Amino acid sequence: MDTHIWPITASVNQAGHLEIGGCDTLALAREHGTPLYLLDEATFRASCRAYREALGRHYPGAFAIHYASKSLLNTAVAQLVKSEGLSLDVVSGGELWVALRAGFAAERIHLHGNAKPRHELEQALAAGVGNIVVDTLDELRLLAELTAGRTGQPQPLLIRVAPGIAAHTHAHIQTGQADSKFGLPLVLLGEAAVILRGAPGLRLRGLHCHLGSQLFETDIYQRAVDVLLDAAAALRDQQGIVVDEISPGGGLGVPYTPDQQPPDLDAFVRTLSAAMAAGCAARGLPLPTLVIEPGRSIVARAGVALYEVVARKPLAGGPGRASAFVHVDGGMADNIRPALYEAVYTAALASRPTAPAEEQVHVAGRYCESGDVLLHDAHLPHAAPGDLLALATAGAYTLSMASNYNLVPRPALLLVGDGRAKIIQRRETYEDLARRDAGIEGENQ
């Protein structure tokens, strides 16, 4: 098995089965059913600590690490993040509600989003979140209105800017280019400063950008730091505003296939820290708090998805072509990334994870879309109905984007570690689906 793809606890036990967190995956599937997602606690915690330790080694000033909740959030995940000393960024009222339910201090939460509804801004203000990350002038004007007459400390803000940097990643997960839907154009920062001068209930704490997701370059973050520090210097020189927080966002990539290598986290943090220190010195700026927002690079490797093979359909095959469809009992409703981003994954048969590949197949999901194919041209041992397929690196942007397409209940999620498994999100039931279904009076009994 390719150890950098699977959780750090992945092993083959005496029965020859794939084991995660000391738990036999076949036994877990028998007990809890499939599809089934596993979150390896040791891998998740190790990833949090790696970020914290790297920043502690290399950044000479204050720093904060905000786990990007959109990659995967529930109460247990928020509690893990809290116990590892990280903060959170959230992008909705629902994510904020879960974070507070988990006991997270509001001042350690940032609210993101490019189209925040009024009621969610009111929710964030009432909670006292640490920062609201402003995306548009209209949002800034609304916040000025909502905080008019506010007593006590002003609400801290970051302004997210569009840095005009196109990252090398799938177009659907680029977020830093000039025509992105995210971020305030840099030319509008002066207008934002005018609004802020008339809004005593608000305080600009810093500047933020985000370049995209699944990034492997480090120089692109240096460019982002330069853009943010140039903007900070312009605010100081032209508006008399000195910011004390800079965030180049997150987006560091992870390997999904054996040929991809993980980025060097230590080198990434060292490069980012050096760019901040040199950039501030060159512009005569005080060293600000550095905020980064990793999500995928914390949770992706910690996740494994388990599916039961339910059928095979032979194909004509031929040299370099798939010989069959292998149909599984999950798919795009629990993992839309292959359909949405053409994402690729690594899979193994959980009953014989080190067996050599015998065939080239497409692994197809159960949903009524031709695009519901989890793996194209996967090289696997012969997979028959009843076999258990394990998908590696499945922790990020899978369950967090899950749906009930075809009215299929969403899978359970187990936290595994030290030979124990705990349900942290139960499998949905048909009754769960019906709770929102009002029907016509007298017809839904």
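Go through Gly240, Gly206, Gly253, Gly201 for me and flag whichever is open to solvent by less than 10 Å² (accessible area, probe 1.4 Å) and more than 26 Å from Ile298 (Cα to Cα).
The match here is Gly201.
In the set (1) open to solvent by 40 Å² or more (accessible area, probe 1.4 Å); (2) in contact with a helix residue (DSSP H, G or I) (Cβ under 8 Å, 6 or more places away or on another chain); (3) outside any loop (DSSP other than H, G, I, E, B), the condition left unmet by Cys48 is number (1). In region 9-23 there is no residue matching the filter, namely being in a helix (DSSP H, G or I) and either touching a residue at least 12 places away in the same chain (Cβ under 8 Å) or surrounded by fewer than 21 Cβ atoms within 10 Å (Cβ to Cβ) (or both). Restricting the first member to region 335-346 and to residues that are within 13 Å of Ser400 (Cβ to Cβ) and at pLDDT 95 or above, and the second to residues that are open to solvent by less than 20 Å² (accessible area, probe 1.4 Å) and among the β-branched types (Val, Ile, Thr), the beta-carbon pairs closer than 9 Å and six or more apart or on different chains are Asn335/Thr398; Ile336/Thr398; Arg337/Thr398.
Within region 274-290, restricting attention to residues that are in a loop (DSSP other than H, G, I, E, B) and open to solvent by less than 50 Å² (accessible area, probe 1.4 Å), the residue that is nearest to Leu207 (Cα to Cα) is Pro288. Restricting to region 124-138, and then to whatever is outside any loop (DSSP other than H, G, I, E, B) and touching a helix residue (DSSP H, G or I) at 6+ places or on another chain (Cβ under 8 Å), can you tell me which residue is nearest to Leu188 (Cα to Cα)? Across region 124-138, the extreme among qualifying residues is Leu137.
In region 1-60, the qualifying residues are those that are of a type in the set (D, E, K, R) and over 24 Å from the mean Cα position of the chain (by Cα), and the one that is nearest to Leu265 (Cα to Cα) is Arg57.
All of Leu88, Leu140, Leu111 fail the test of being hydrophobic (A, V, I, L, M, F, W, C), within 30 Å of Pro200 (Cβ to Cβ), touching a strand residue (DSSP E or B) at 6+ places or on another chain (Cβ under 6 Å) and touching a residue at least 40 places away in the same chain (Cβ under 8 Å), apart from Leu140.
Going by the structure shown, is Ala127 over 27 Å from Ser273 (Cα atoms) and not basic (Lys, Arg)? Here the answer is yes, as Ala127 does meet what is asked. Based on this model, can you work out whether Asp259 counts as surrounded by fewer than 17 Cβ atoms within 10 Å (Cβ to Cβ) and in contact with a helix residue (DSSP H, G or I) (Cβ under 8 Å, 6 or more places away or on another chain)? So Asp259 does not fit the description; no.
For region 164-179, the criterion of being at pLDDT 90 or above and among the aliphatic types (A, V, I, L, M) is satisfied by no residue at all. The residue pairs whose first member lies in region 233-257 and is without any contact (Cβ under 8 Å) to a residue 60 or more places away in the chain and within 30 Å of Leu380 (Cβ to Cβ), whose second member is surrounded by 20 or more Cβ atoms within 10 Å (Cβ to Cβ) and of a type in the set (Lys, Arg), and whose beta carbons are closer than 7 Å, counting only pairs six or more residues apart or on different chains, do not exist in this structure.
Which residue is least open to solvent (accessible area, probe 1.4 Å), if the candidates are limited to region 395-445 and must be in a loop (DSSP other than H, G, I, E, B) and of a type in the set (Asp, Glu)?
Ranking the candidates gives Glu428 first.
Checking Leu80, Leu55, Leu96, Leu121 one by one, the residue that is in a helix (DSSP H, G or I), open to solvent by less than 30 Å² (accessible area, probe 1.4 Å), more than 30 Å from Val304 (Cβ to Cβ) and not hydroxyl-bearing (Ser, Thr, Tyr) is Leu121 and no other. Within the set Ala302, Ala277, the sole residue that is under 24 Å from Leu229 (Cβ atoms) and either touching a Leu at 6+ places or on another chain (Cβ under 7 Å) or among the aromatic types (Phe, Trp, Tyr) (or both) turns out to be Ala277. Criterion applied to Arg236, Arg270 was being under 27 Å from Asn114 (Cβ atoms) and among the charged types (D, E, K, R), and the one residue passing it is Arg236. Exactly one residue out of Ala27, Ala126, Ala54 is of a type in the set (Gly, Ala, Ser), closer than 25 Å to Ser213 by Cα and at pLDDT 95 or above, and it is Ala54. Residue by residue through region 325-348, note down the ones that are surrounded by fewer than 20 Cβ atoms within 10 Å (Cβ to Cβ) and either of a type in the set (A, V, I, L, M) or on the phi > 0 side of the Ramachandran plot (or both). Passing the criteria: Ala339, Leu340, Glu342, Ala343, Val344. Just to be sure before I move on: is Ala357 of a type in the set (A, V, I, L, M, F, W, C), part of a loop (DSSP other than H, G, I, E, B), open to solvent by 40 Å² or more (accessible area, probe 1.4 Å) and under 28 Å from Ile8 (Cα atoms) in the structure I sent? Considered against the rule, which asks whether it is of a type in the set (A, V, I, L, M, F, W, C), part of a loop (DSSP other than H, G, I, E, B), open to solvent by 40 Å² or more (accessible area, probe 1.4 Å) and under 28 Å from Ile8 (Cα atoms), Ala357 comes out as yes.
Residues of region 209-237 that are part of a helix (DSSP H, G or I) and open to solvent by 20 Å² or more (accessible area, probe 1.4 Å): Asp219, Gln222, Arg223, Asp226, Val227, Asp230, Ala234, Arg236, Asp237.
Within region 100-118, the set of residues being hydrophobic (A, V, I, L, M, F, W, C), buried (at least 19 other Cβ atoms within 10 Å of the Cβ) and either at positive phi or outside any loop (DSSP other than H, G, I, E, B) (or both) comprises Ile109, Leu111. Number of residues in region 181-196 that are free of Cβ contacts under 8 Å to residues at least 40 places away in the same chain and assigned to a helix (DSSP H, G or I): the value is 2.
Does Ala390 meet the test of being under 22 Å from Pro7 (Cβ atoms) and over 22 Å from the mean Cα position of the chain (by Cα)?
Details: under 22 Å from Pro7 (Cβ atoms): yes; over 22 Å from the mean Cα position of the chain (by Cα): no.
Considered against the rule, which asks whether it is under 22 Å from Pro7 (Cβ atoms) and over 22 Å from the mean Cα position of the chain (by Cα), Ala390 comes out as no.
The values are calculated or read from the model by the stated rules, or taken from the named source; none is laboratory data. What you are looking at is a predicted structure, and each value in this text was computed from that prediction instead of being measured. Because the Cβ atoms are built from the backbone with ideal geometry, glycine has one as well, and the counts that use them run over all protein chains shown. Surface accessibility is based on the protein's heavy atoms, side chains included, excluding ligands, DNA and RNA. Shrake-Rupley method; radii C 1.70, N 1.55, O 1.52, S 1.80 Å.
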